[in-house]
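The values are calculated or read from the model by the stated rules, or taken from the named source; none is laboratory data. As the structure is a prediction and not an experimental result, all values here were calculated from the model. Cβ placement follows ideal geometry from the backbone for every residue including glycine, while neighbour counts extend to all protein chains displayed.
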Amino acid sequence: DTEVTQTPKHLVMGMTNKKSLKCEQHMGHRAMYWYKQKAKKPPELMFVYSYEKLSINESVPSRFSPECPNSSLLNLHLHALQPEDSALYLCASGTRGTEAFFGQGTRLTVV
Amino acid sequence: TQLLEQSPQFLSIQEGENLTVYCNSSSVFSSLQWYRQEPGEGPVLLVTVVTGGEVKKLKRLTFQFGDARKDSSLHITAAQPGDTGLYLCAGGNSGNTPLVFGKGTRLSVIA
């Protein structure tokens, strides 16, 4: 099973809303990632969790808050987002920086 | 900072033609990944190469890792409309450092 599952697939939220993106993998990977991807651009790294601990935060604004409840789950809590935060948010998991398996993404629109 | 230069950025070809996409760096990587992404979906891992000079084939796709592990190429034979998409290369290193992505090659195969 090389599947990373992300929910929801689509999300529309207002600038005062609080919402969460969810990601799940059962491949035993100990590294999990959040990426943001704008149209026609490559994925941009946001956060890296290694063994359930936040190891990299790429200077992401605090309105994005990651959480890793256990080795299979990764959440991204969203609060007070701006329209320019609209993008495809991708979760990935992998082992020791060699490769990453991506979920299908959540298409987020902030209105 | 490690960088991966991908070329060409855009490619539009007729069905049946051959093409090659390049991924170059001045840095050495321990592995190199190729992904294909369709609009609104997450990148799908096509192949991982880890040994300098390694060649891997996946049906009509041939992947090569340079001898010095600084560059890679993807060759598609007899392209089909189903090959249309964004092709991303990504370099990996040992440890928990995240992948370094190229900017991608947007391929359009016209029937």
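Can you find, within the range B:80-107, the residue that is farthest from the other protein chains (Cβ to nearest Cβ) among those that are farther than 15 Å from B:Cys23 by Cβ and within 15 Å of the chain's Cα centre (by Cα)? Filtering the range B:80-107 for residues that are farther than 15 Å from B:Cys23 by Cβ and within 15 Å of the chain's Cα centre (by Cα), the one farthest from the other protein chains (Cβ to nearest Cβ) comes out as B:Asp83.
Checking the conditions here, which among A:Phe64, A:Phe102 is in contact (Cβ under 8 Å) with a residue 60 or more places away in the chain and hydrophobic (A, V, I, L, M, F, W, C)?
Working: A:Phe64 fails: in contact (Cβ under 8 Å) with a residue 60 or more places away in the chain.
Unique residue meeting the criteria: A:Phe102.
Can you pull out every residue in the range A:32-61 that is assigned to a strand (DSSP E or B) and among the charged types (D, E, K, R)? Scanning the range A:32-61 gives A:Lys36, A:Glu44, A:Lys53. In this entry, B:Gln37 passes the filter for residues that are closer than 30 Å to A:Leu108 by Cα and buried (at least 18 other Cβ atoms within 10 Å of the Cβ). Looking at the range B:55-69, can you tell me whether even one residue there is within 9 Å of another protein chain (Cβ to nearest Cβ) and among the small types (Gly, Ala, Ser)? So far as the range B:55-69 goes, no, none of its residues is within 9 Å of another protein chain (Cβ to nearest Cβ) and among the small types (Gly, Ala, Ser). A:Cys23: under 12 Å from the mean Cα position of the chain (by Cα), surrounded by fewer than 20 Cβ atoms within 10 Å (Cβ to Cβ), modelled with pLDDT of 95 or more and not in a helix (DSSP H, G or I), yes or no? Taking the combined requirement at face value, the residue does not satisfy it.
Every residue in the range B:3-18 that is surrounded by fewer than 17 Cβ atoms within 10 Å (Cβ to Cβ) and either more than 14 Å from B:Val100 (Cα to Cα) or among the β-branched types (Val, Ile, Thr) (or both), please.
If the condition is that a residue be surrounded by fewer than 17 Cβ atoms within 10 Å (Cβ to Cβ) and either more than 14 Å from B:Val100 (Cα to Cα) or among the β-branched types (Val, Ile, Thr) (or both), then B:Ser7, B:Pro8, B:Gln9, B:Phe10, B:Ser12, B:Ile13, B:Gln14, B:Glu15, B:Gly16, B:Glu17, B:Asn18 are the ones that fit.
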